[in-house]
Structure formats: C-alpha cells, structure tokens
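Worksheet for the structure shown next.
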Amino acid sequence: MSLEKIISKSMEKAQSAQAVMLSTETSTVDFQFDRLKAAESSQRTQIDLKVIVDGKVGTSSTTDPSDVEGVVSRALEAAQFGSPANFDFPEPQSLEPVQIFDPALLTLEKPEMISMGQQMMDMVKSYNPEILSGALVQKIIYKVDYANSKGAKYSAKHTAFNLGAGGELVRGTDILFVNKGLGQKQRKVDTEEIAAQAIEYFRMAETIAPIASGEYPVIFTPSGLVALLLSLGLALDGKNVFLGASPLHGKIGQQIADPRLTMVDDPTIAFGPATSAFDNEGTARRVMPLIEKGVLRNFIYDLDTAGRAGVQPTGHGTARQLTNLVINPGETSFDDMIKGIEKGLLVHEFLGLGQGNPINGEFSLNLFLGYKIEKGKLAGRVKNVMLSGNAFEALKYIEAISQEREWVSGPFEYFNGLIPYIQVSKLSVTAK
Amino acid sequence: MRDQLFEAIKGHDVEYVDIRVEDLVNTWVIFRGSDLDSIGSSRTRGGIVRALYKGGWGYATFNDLGDLKKQVREACLTAKLVGSGKTYFAPTEVVVDCIKARLIKDFRQVPLADKKALMEAYNKIVLGYHEKIQTSIVRYADSFKSVWFASSEGTFIEEEVPDVNIYVGATARDGDIVQKGFESGGGADGYQSVEGFHEQAATAAQKAVELLSAPPVKGGKYTVITDQIMTGVFTHEAFGHLSESDFVYENPQMQELMQLGKRFGVRGLNIIDDGSYPGGLGSHRYDSEGVRMRKNYLVKDGVLVGRLHSRETAAKMGEPLTGNARALHFNHPPIVRMTNTYIDNGSVPLHEMLKDIDLGVYAVKMIGGQTAMEMFTFSAAYGYMIRNGQVAELVRDVTLTGNVFETLHNIDAIGDDLQWEPNGPGGCGKGGQHPLRVGLGGPHIRIQNCVVGGQQ
C-alpha cells in the first residue's frame with residue numbers, strides 16, 4: 001500500500017496529512033552462557049499517520065498495510081478532539097547526502113554471524129575460562145518512507161550492524177557483568193576490538209579496591225558520561241524549555257559549562273549509528289552546535305514544540321532525541337589523566353539512571369562498574385559505592401578532556417555519540 | 001484462528017514448535033502543561049513462532065500474518081542452525097482454554113471525547129493547585145489485546161487481556177529547584193478504575209509543592225522503614241530477579257549462591273510470587289508457554305525454598321514448573337519473569353517499628369528501581385526522617401542501595417499491613433521487554449544499616 005493512497009484518503013476530510021512507513025528485517029544471533037542460545041529472524045512493518053483537521057491534530061498507527069480505511073478513520077476521529085496544530089507539515093526540502101547503506105551487509109548470513117559471535121566469545125574465554133561469556137550479532141535492513149500533503153516525499157534505505165561481547169564472572173558473592181557493544185551502519189566493525197575492550201573491563205576488575213566516603217576527582221568513560229548527558233539531554237529538549245521545566249531555559253548564549261567543552265549533534269557522519277537525512281516529520285536534518293566552548297547554542301525541537309515556541313524545527317522529530325552526539329577531544333591523553341590523580345574514580349556503568357530528579361541535574365547513582373584510581377594507577381573495582389552530584393555543576397568543573405574518543409552505540413548503550421573521557425574535579429562518593 | 005495456527009505448525013521437522021498471534025488496539029490521551037500533547041489510537045497485529053531443536057531455539061517474529069507456514073519454516077531452519085546439544089524442556093499438561101475479559105465498564109465503548117474530558121479535568125486540578133506548579137503530565141492509556149497460542153503438543157489458548165491506566169504527575173518549581181509528585185491508578189477490570197481520580201490529582205500536586213521546601217536527605221547509613229510500595233519494589237528488584245532461574249540454570253556459581261535450603265533472612269520472612277493472585281497486575285491463568293500460573297514460595301520462614309521457571313529452566317534444574325515464562329508481546333519470546341511478588345504479612349504494627357528508632361529514614365512510594373544481581377538501587381518518591389521514634393520532617397532524593405544478601409538479613413521487623421501497588425503505566429523491564437505488568441506489594445518493613453545515597 002502506497003503512502004500516497006493513505007494521504008489522499010486522509011485529505012478527503014483533512015487539511016494536512018503525513019504518513020511514515022517503516023519496514024524492517026532483522027537477523028540476530030544470541031550467545032549466552034558460553035554457547036549459541038538462539039537465533040531470530042524478524043519482519044516488521046509499521047505505518048504512522050498524522051492528520052490536521054480544523055486546526056487539530058490526530059494520530060494513528062497500524063502494522064497492517066492493507067488497513068488503509070482503519071488507520072485513516074482512527075486518525076480522523078482522534079483529530080476531532082486533538083490538540084491544536086501549532087504547525088503545518090513542511091514543504092519539500094533539500095536533504096544532505098548521507099551514507100547509511102552498506103551493501104556488504106546484504107550478503108551477511110546467519111552462519112557467518114554465528115562464527116563472528118563465536119570468535120568474540122572465544123577471545124573472552126581465552127582471557128579467563130571462568131567467565132560465562134556471551135555475544136550478540138545483529139544485522140538490520142530497514143526502509144523509511146515519508147510522504148505528506150505538501151508534496152514532500154522521501155525514502156531512505158538503511159543498514160545497521162550491532163555487535164556485543166562480554167559475560168559474567170561470579171566469585172563467591174561477588175558478581176561482575178561486562179558487556180561491550182558497538183553499532184554502526186556498516187559491516188566494517190572490528191569484532192576483535194570489541195572483545196578486547198570487554199576483556200579490558202574484566203581485567204581492570206581483577207581486584208576489588210576499597211574506598212572511603214568523601215569527595216574525589218572522577219573520570220567518566222565515554223559510556224559513563226551518560227550520567228551527566230541524561231540530564232543535559234532533558235534540559236536541551238525544546239519541550240522542557242518551552243514548558244519552563246528546563247534549568248537551561250533562557251540561557252542561550254550564556255556560559256553553562258567549562259570553556260573547553262564543545263558538543264554538536266551530527267546526523268551526517270558517514271555510517272554513524274543515528275545518521276539520517278530527514279526526521280519522521282519531514283524536516284531535513286543538519287549538523288547543529290549544542291554547546292560551543294561552554295556556551296549554550298541551541299535547543300532541539302520537533303514540529304509541534306517549535307511551533308509552540310515560535311522557533312524553527314531542528315529535525316528532531318523522533319521524540320526530540322539527539323542523533324549522533326559529538327564532543328570535541330581535549331588535550332590530555334587518557335593515561336596522563338589517570339597519572340595525574342592521587343585518589344579518585346573511573347566510572348563506566350550505573351544502576352538507577354533516570355531515577356530521582358534528572359531534569360534538575362541531580363543524580364545519585366549506584367556504581368555498577370567503576371574503578372579506583374590510586375597514586376596515578378588503576379587499582380581495581382570499587383563496589384557498594386554511590387556517586388552523587390549535579391550534572392550541570394559537574395560540567396562547569398571539568399578538569400580535563402581526553403584526546404582519545406570512542407563510539408558509544410549499540411545494544412548496551414543509552415545514547416549514540418563519539419565521546420572523549422571527561423574528568424570532573426570532584427564529586428561526592430558514599431561508600432558502605 | 002485455531003485451525004489456522006494448527007495448520008501452520010503441522011508437519012514441522014523439529015522437536016517442538018509453538019506460535020503466538022496477537023491483535024492489540026490501544027488508545028491514549030496525554031496532557032502536558034495546559035496543552036493536549038497527544039491523542040490517538042493504534043492497532044498492532046503480529047506473531048512469533050518458536051522452534052526448538054537439540055537445545056537451540058529459532059524464532060521468527062512478524063506482523064504480516066499472510067503466510068504463517070513460511071514463518072514456521074524460517075523458525076525451524078534457524079533452530080536447526082543453532083541446535084547441537086541436548087534439549088531440556090519440562091513436560092506440561094496439554095490444555096485447550098479460552099479466557100474472556102470481564103470488564104465492569106468497557107473502555108472500548110467510552111468515546112474518546114469523554115476520555116479526553118476526564119483527563120482534562122484532572123489536569124486542571126494539578127495546574128490550578130498552586131502558583132508554584134510549573135507543569136503537569138496526565139497520561140491515560142488503554143489497551144485490549146487478544147492472544148492466540150498453539151503448540152505442537154496440542155495446547156490451544158485464547159486469552160483477552162484488557163488494561164487501562166492513568167498517571168498524573170505534577171512539577172513544581174521554585175527558582176532552580178524543581179520537584180515532582182505523582183499518582184497512578186487503573187486496572188484490568190474496566191474504565192471505572194480511572195474515574196474519580198480527582199483527589200489523587202490534587203495529592204500529586206500537593207506533594208510536588210511540599211517537596212520544594214524539603215531538604216535532600218543526608219547520605220549515610222540509617223535504619224530504614226519502607227512503606228508497602230517500597231517493600232514491593234525492594235522484594236521485586238533486590239530479591240525477585242535473583243529468583244529468575246534463567247540467571248542461574250547454566251551458571252554453577254550462581255547455583256551455589258542461590259542454593260535451595262540456604263537461609264536468606266529472619267524467621268517469619270516469607271517471599272512469594274503468585275500469578276494466580278486474584279486481581280493481581282501480573283495475574284493470568286497461563287503463562288506464555290501455556291503453563292498454569294500458581295502460587296510459588298521463594299522464601300519460607302527465612303529459607304530459600306524455590307525459584308521461578310520456564311519449561312526449559314525447570315527441566316535443566318530438575319525442579320517443578322512454576323508458570324513464569326512470560327512474553328511482553330509478539331515481538332519477543334517468553335523469558336522467566338515475575339508475576340505478583342510480595343513479602344507476606346508479619347506481625348509488627350508500624351508504630352512498634354518506629355518506636356526504637358532514634359534516627360532513621362521512612363521511604364515512601366517509588367520512582368524506580370534497578371538491580372544487577374546482588375547489587376540493587378531504588379528511589380523513593382519522597383521520604384521522612386524518623387527522629388526519636390516519630391515520623392519527622394519531609395526529605396527528598398531518597399535512594400536506597402545495597403547488597404541483597406546483607407539487606408535481607410538486615411530486615412528485623414515485618415509489618416501486618418500488606419498492600420499492593422496501584423496500576424500505572426510502568427512495569428518491569430528485562431531483556432528488552434518493558435514494561436511487563438507485574439504486581440508488587442508487601443507490608444511496612446524495617447531494615448537496619450541501610451545505605452541511603454546523597455551528599456554527606
């Protein structure tokens with residue numbers, strides 16, 4: 001069923017309409033407890049329709065492409081009671097060329113995916129046979145079709161390739177989980193590199209290091225930076241800004257972070273995990289600075305929020321999520337960062353993310369995977385430790401940013417980005 | 001549908017096949033601030049085939065219901081690619097059953113306009129409560145799901161699963177301080193369960209405003225009393241997940257840690273998972289493998305006596321079936337999940353529990369919880385300091401954390417006032433399947449030496 005048919009059916013009663021169709025095929029192989037546990041083939045189609053009738057919005061969706069009547073009539077019904085449309089669907093726009101499709105993934109079949117998973121698992125096992133290892137290899141091919149009543153019509157075929165390796169190690173009542181993953185839109189991903197990173201996190205945890213409560217310098221790994229980015233993401237969300245709930249409200253152009261901190265949202269990176277030329281509201285995506293040298297530059301908006309706030313939409317129509325978040329590298333090497341710390345923490349993974357009051361910046365997180373730094377060296381895993389502070393304060397007291405950057409993406413991560421290690425001068429640590 | 005499903009799995013060439021098809025219609029109304037944020041409805045259809053061969057699983061998930069035989073073939077082919085060992089799969093009774101929804105007031109018959117008007121009324125109560133109320137969220141959602149399940153052993157189950165829920169949240173602001181209050185409700189028995197929520201809407205707003213002037217709790221070790229909802233969260237997060245045998249069954253060290261017969265807490269501590277609990281949020285007649293749900297003791301009188309199983313884990317560990325293989329929806333195969341998990345009533349009334357505490361924390365309601373096997377953390381919506389045996393001032397940012405093995409031993413008083421958490425939009429997350437409806441509950445309990453996070 002073509003989207004044009006849904007649009008034209010809708011337009012019998014609506015003043016504007018847009019439809020998005022997502023068709024996905026996924027293959028997954030899943031290793032658990034040292035063996036191949038399951039494999040899955042998955043086919044999915046979804047159509048989302050949004051209509052504007054008499055200035056009001058109605059939405060509806062279906063997984064049944066033949067259900068044109070149903071999806072249209074439900075959207076029209078919803079529009080009778082819908083929220084006022086503070087926007088109209090966009091005219092056709094010129095799109096940035098992006099690399100999102102890797103034909104090399106088309107020929108990748110399950111037997112080869114199984115041997116990739118096996119190879120990662122074998123590497124983890126050869127480091128320590130007591131680890132119960134696991135691995136995940138996933139290939140996704142999907143197509144996004146967009147059409148609206150203004151004549152905009154886009155189609156994009158994506159590939160995606162997700163890998164994960166890790167496992168669990170139980171020693172007495174001490175349980176250690178490590179999972180390292182990566183997701184890109186191309187096949188060129190190094191399985192050995194992923195397994196080696198997982199092993200490194202195991203290696204650093206070989207000993208348990210006690211730490212007393214107090215205030216310490218803390219280095220966030222690229223993945224671990226989620227502790228701060230969660231609050232920042234909520235505060236950059238145009239809807240929270242418009243509603244006055246964002247603490248960054250009214251602070252565009254002001255210094256909100258250390259002057260060495262520069263971050264952009266970049267939907268154009270070749271084969272990046274969240275690269276795409278248009279959002280699901282037909283808005284072209286562009287590179288957008290968020291923070292430049294510590295100065296707040298932009299908030300992110302979808303059509304509706306932009307309309308309400310009287311600003312331009314920024315191409316963040318999928319629930320106002322960032323695409324590929326890129327933070328500029330700093331001048332310190334990761335090794336020098338560690339060397340410069342007398343006593344502190346390297347933090348990687350947390351329990352309790354999003355609990356408490358994240359939009360306020362306040363966090364109080366159980367350290368799921370974190371390491372003690374002592375006399376310039378990594379000294380082992382810390383346990384039963386809570387890290388507390390305020391994300392917006394922490395961003396003002398950055399001690400160092402690493403030269404090295406890593407991709408944060410794939411099955412185990414909360415966001416997509418190219419991120420350095422960031423050292424904050426001090427945070428409060430509660431130890432048991 | 002029955003003939004269609006049996007026809008599709010007929011002639012398969014593996015050890016076992018089942019197919020589950022679902023049809024779901026849902027509607028929602030969301031207010032954020034003074035505006036209607038979103039209103040609409042959707043329809044989702046789809047299915048999953050599971051094939052088992054030599055201990056390996058092949059899955060095919062789809063929402064094109066046109067060629068079910070093709071999906072069965074794909075799952076079988078995949079299973080044969082995976083399987084190379086021994087199959088463990090506990091036998092279960094073959095059943096043919098049909099479970100119809102029983103709704104007092106059918107939400108499918110309530111016009112969208114009425115749902116919107118009711119939510120608008122709740123939203124106005126929140127926004128008009130106080131000048132410091134900054135914004136609000138009122139979220140209404142209902143869903144009616146029909147599920148058909150057929151297995152190559154001959155089981156056929158048809159089930160209707162209705163759900164309606166509401167969440168009312170208030171955000172208050174004073175300068176840089178932003179605080180939240182919320183109430184949730186709903187049920188599986190109809191639209192009436194979200195009507196008459198006006199008082200709760202005001203309570204949500206009141207709590208957000210009160211918390212503006214509440215100080216954050218000072219981090220440290222305290223004697224902690226948890227209210228019934230927090231007890232439920234604790235039981236679910238800190239202990240329940242450890243009882244899910246898919247973490248244990250292929251892991252010898254974990255088996256040693258979770259050996260049946262081991263003492264986990266004081267005498268009088270009873271932890272139960274009961275999928276047959278009448279009206280429970282996690283109750284069904286059968287799990288997603290067609291196994292009858294039942295009442296399972298996990299801890300009896302402080303001693304570990306059982307754990308939760310799927311057909312595979314029960315066979316592998318040589319333990320009885322419990323009916324805990326649950327799937328969120330057709331996107332997912334069933335995995336071992338809790339149903340309604342609770343600490344059973346003890347005998348200590350709340351005022352007795354408070355009496356001996358010089359300085360402590362009373363943790364109330366939950367925002368969320370998470371666990372990594374023996375480590376857990378969960379956040380109360382708010383709390384009160386306990387001073388000299390009395391509930392004293394309101395505090396915010398109450399997050400409890402600890403090691404489950406130590407913490408269970410540190411429970412030294414169990415209340416007599418068991419309650420269940422009300423329905424709401426949330427649920428349990430595991431293996432990418434979130435939110436699954438689960439019941440959480442218990443009485444007030446007292447925990448000695450509990451770590452509360454926060455600045456010192």
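Pairs meeting the criteria (first residue in the stretch A:251-269 and in contact (Cβ under 8 Å) with a residue 24 or more places away in the chain, second residue surrounded by fewer than 17 Cβ atoms within 10 Å (Cβ to Cβ) and of a type in the set (A, V, I, L, M), beta carbons under 7 Å, at least 6 apart or on different chains) are A:264/A:287; A:266/A:287; A:268/A:287. Each residue in the stretch B:401-456 was checked for being surrounded by fewer than 20 Cβ atoms within 10 Å (Cβ to Cβ) and of a type in the set (D, E, K, R), and 5 of them qualify. When you check residue A:10 against the structure, is it within 11 Å of chain B (Cβ to nearest Cβ), touching a helix residue (DSSP H, G or I) at 6+ places or on another chain (Cβ under 8 Å) and at pLDDT 95 or above, yes or no? Considered against the rule, which asks whether it is within 11 Å of chain B (Cβ to nearest Cβ), touching a helix residue (DSSP H, G or I) at 6+ places or on another chain (Cβ under 8 Å) and at pLDDT 95 or above, residue A:10 comes out as no. Restricting attention to the stretch B:372-396, the residues that are among the polar types (S, T, N, Q) and surrounded by fewer than 22 Cβ atoms within 10 Å (Cβ to Cβ) total 2. In summary, residue B:294 fulfils each of the numbered conditions (1) more than 24 Å from residue B:148 (Cα to Cα); (2) surrounded by fewer than 20 Cβ atoms within 10 Å (Cβ to Cβ) with the single exception of condition (1).
Within the stretch A:212-232, the set of residues being of a type outside the set (Asp, Glu) and either in contact with a Leu (Cβ under 6 Å, 6 or more places away or on another chain) or within 14 Å of another protein chain (Cβ to nearest Cβ) (or both) comprises A:212, A:213, A:214, A:216, A:218, A:219, A:226, A:227, A:230, A:231. Taking the stretch A:1-25 as the search range and keeping residues that are in a helix (DSSP H, G or I) and among the aliphatic types (A, V, I, L, M), which one is farthest from residue A:77 (Cα to Cα)? If we take residues in the stretch A:1-25 being in a helix (DSSP H, G or I) and among the aliphatic types (A, V, I, L, M), then A:3 is farthest from residue A:77 (Cα to Cα).
I need a count of the residues in the stretch B:103-142 that are small (Gly, Ala, Ser) and either farther than 23 Å from residue A:78 by Cβ or assigned to a helix (DSSP H, G or I) (or both).
The number of residues fulfilling the criteria is 4.
When the strands (runs of 3 or more DSSP E) confined to the stretch B:349-456 are screened for residues that are under 28 Å from residue B:332 (Cα atoms), those reaching at least 2 such residues are found at B:359-372, B:375-387, B:428-430, B:433-436, B:439-442. Of the helices (runs of 4 or more DSSP H) contained entirely in the stretch A:153-268, those carrying at least 2 residues that are buried (at least 22 other Cβ atoms within 10 Å of the Cβ) and within 15 Å of the chain's Cα centre (by Cα) fall at A:226-236.
Does residue B:342 satisfy the condition of being outside any loop (DSSP other than H, G, I, E, B), buried (at least 24 other Cβ atoms within 10 Å of the Cβ) and under 19 Å from the mean Cα position of the chain (by Cα)? Yes: the conditions hold for residue B:342.
Checking each residue in the stretch B:17-62 for being within 16 Å of residue B:143 (Cβ to Cβ) and within 7 Å of another protein chain (Cβ to nearest Cβ) picks out B:38, B:39, B:40, B:41, B:42, B:43, B:44, B:45, B:46.
Against the numbered list (1) polar (S, T, N, Q); (2) over 22 Å from residue B:450 (Cα atoms); (3) under 22 Å from the mean Cα position of the chain (by Cα), residue A:366 comes up short only at (2). Hey, any hits in the stretch B:83-101 for a residue that's more than 13 Å from chain A (Cβ to nearest Cβ), part of a helix (DSSP H, G or I) and modelled with pLDDT of 95 or more? No, the stretch B:83-101 contains no residue that is more than 13 Å from chain A (Cβ to nearest Cβ), part of a helix (DSSP H, G or I) and modelled with pLDDT of 95 or more. Exactly one residue out of A:302, A:336 is farther than 30 Å from residue B:402 by Cα and away from every other protein chain (no Cβ under 14 Å): that is A:336. Can you tell me which residue within the stretch A:183-203, out of those that are modelled with pLDDT of 95 or more and of a type in the set (A, V, I, L, M), is farthest from residue A:272 (Cα to Cα)? Among them, the one singled out is A:199.
Name the residue that is nearest to residue B:312 (Cα to Cα), counting only residues in the stretch A:26-62 that are buried (at least 20 other Cβ atoms within 10 Å of the Cβ), β-branched (Val, Ile, Thr) and more than 7 Å from chain B (Cβ to nearest Cβ). Filtering first and then ranking leaves A:29.
Considering only residues in the stretch A:406-432 that are assigned to a loop (DSSP other than H, G, I, E, B) and within 14 Å of another protein chain (Cβ to nearest Cβ), the one that is surrounded by the most Cβ atoms within 10 Å (Cβ to Cβ) turns out to be A:410. The stretch A:275-360 holds no strands (runs of 3 or more DSSP E) entirely within its bounds that carry 3 or more residues that are in contact with a strand residue (DSSP E or B) (Cβ under 8 Å, 6 or more places away or on another chain), among the hydroxyl-bearing types (Ser, Thr, Tyr) and not assigned by TED's automatic domain parsing to the domain that holds residue A:218. Criterion applied to B:52, B:77 was being more than 30 Å from residue B:168 (Cβ to Cβ), in contact with a Ser or Thr (Cβ under 9 Å, 6 or more places away or on another chain), without any contact (Cβ under 8 Å) to a residue 60 or more places away in the chain and assigned to a strand (DSSP E or B), and the one residue passing it is B:52. Going by the conditions given, is residue A:79 buried (at least 21 other Cβ atoms within 10 Å of the Cβ), more than 22 Å from residue A:4 (Cβ to Cβ) and within 12 Å of chain B (Cβ to nearest Cβ)? Here the answer is no, as residue A:79 does not meet what is asked. Exactly one residue among A:90, A:65 is within 9 Å of chain B (Cβ to nearest Cβ) and in contact (Cβ under 8 Å) with a residue 40 or more places away in the chain, and that residue is A:65. Reported count of residues in the stretch A:93-137, each being among the hydroxyl-bearing types (Ser, Thr, Tyr) and crowded, with 20+ Cβ neighbours inside 10 Å, is 1. Within the stretch B:117-129, residues that are farther than 12 Å from residue B:195 by Cβ sit with their Cβ atoms under 9 Å from residues that are surrounded by fewer than 16 Cβ atoms within 10 Å (Cβ to Cβ), at 6+ positions apart or across chains, in these pairs: B:123/B:34; B:124/B:34; B:125/B:198; B:125/B:199; B:127/B:34. Checked against (1) at pLDDT below 95; (2) within 30 Å of residue B:43 (Cα to Cα); (3) hydrophobic (A, V, I, L, M, F, W, C), residue B:291 passes all but condition (1). Just checking, does the stretch A:232-243 include any residue being closer than 30 Å to residue A:432 by Cα and modelled with pLDDT of 95 or more? Yes, some residue in the stretch A:232-243 is closer than 30 Å to residue A:432 by Cα and modelled with pLDDT of 95 or more. Total residues in the stretch A:64-76 satisfying the condition of being in contact with a Lys or Arg (Cβ under 8 Å, 6 or more places away or on another chain), surrounded by fewer than 21 Cβ atoms within 10 Å (Cβ to Cβ) and either small (Gly, Ala, Ser) or not in a helix (DSSP H, G or I) (or both): the figure is 3.
Residue A:137 meets the conditions (1) of a type in the set (Val, Ile, Thr); (2) assigned to a strand (DSSP E or B); (3) at pLDDT below 95 in every case but one. The failed one is (3).
The values are calculated or read from the model by the stated rules, or taken from the named source; none is laboratory data. Small disclaimer: the values here were computed from a predicted structure and weren't measured. Quick reminder, even Gly has a Cβ in these numbers, built from the backbone with ideal geometry, and neighbours come from all protein chains shown.
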